[in-house]
1. Between SER155 and LYS110, what is the spin-label point distance in nm, taking each point 7 Å from the Cα along the Cα→C-beta axis?
2. Can you grab the distance from the C-alpha centre of segment 70-116 to the C-alpha centre of segment 130-160, Å, no decimals?
3. Considering amide H positions built from the backbone, and no H for Pro or chain starts, which residues 5 or more places from LEU158, or on another chain, come under 5 Å of its amide H?
4. Return the FRET efficiency for the residue pair THR51, GLU101: r is the Cβ-Cβ distance, R0 is 25 Å, and the value is rounded to the nearest 0.05.
5. Subtract the Cα-Cα distance of ASP59 and SER138 from 0.36 nm times their separation in residues, and report this length gain in nm to one decimal.
6. Please give the FRET efficiency for ALA94 paired with LYS68, using the beta carbon to beta carbon distance and R0 = 22 Å, rounded to the nearest 0.05.
7. Sorted from largest down, what three extents in whole angstroms do the Cα atoms of segment 41-159 have along their principal axes?
8. Using a ≥ b ≥ c from the Cα gyration tensor of segment 47-101 (square roots of the eigenvalues), is it rounded, prolate or oblate, where a/c under 1.5 gives rounded and otherwise the larger of a/b and b/c decides, a/b for prolate?
Amino acid sequence: MNKKYISLFLVLIVVASVFVGCSDKPAQTPSEGSQQEAEDYQFITADELKTVVTEENGDYVVLDVRKKADYDTEHIKGSISADVDSIVSNEDNAPAKANVEAALEEVGSKDKKFVLLCYSGKKYAQAATGLLKEAGVSADNIYTLDGGYKGWTFSDLLEK
């Protein structure tokens, strides 16, 4: 009799695991998750940004969201510092929010196209994207430099 209950119990576990494991959405591999994350952001290449910077296109604003000390050491000509390190460092978000708001005030418009420049094109840009959206900038107007500052190879367009 015990064997019948154990067998029935095992069958129920197998059936339950089949139902729990089924989903409308297939499981994502890490690379698919990263691809989805990347699809949530728009990227601009260094060559495209070089064109924007050299033509002094007034529709675009380059926001350097790296630490202020790194911006002060070297930055792309015409870029504006908007340090968001406090969010990335899991500290108080208020300084980062204030820096982004100050940059928006300096620009004078939320309708421009904003190109975010961070270290590698990930954490800092994601934090700044969230703050810009929160401030009322359309997601369609937010771009991240592909590869971040590491992807910028045009030393003639840097200021120290």
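1. 4.1 nm
2. 10 Å
3. It is LYS77, by chain and number.
4. Details: r = 28 Å, r/R0 = 1.14.
In this case the efficiency is close to 0.30.
5. On the way: separation 79, 0.36 × 79 = 28.44 nm, distance 1.39 nm.
Extra length available between ASP59 and SER138 comes to 27.0 nm.
6. Details: r = 15 Å, r/R0 = 0.69.
Step by step, r from the Cβ atoms, then E = 0.90.
7. Cα spread of segment 41-159 along its principal axes, largest to smallest: 36, 28, 24 Å.
8. Numbers: a/c = 2.96, a/b = 2.11, b/c = 1.40.
It is prolate, given that a/c is not under 1.5 and a/b is the larger ratio.
The numbers here are math on the coordinates, done by the rules we state, and not lab data. The model shown is predicted, which means the values in this text are computed figures rather than measured ones. In this analysis, Cβ positions are derived from the backbone assuming ideal geometry, glycine residues included, and neighbour counts consider all displayed protein chains.
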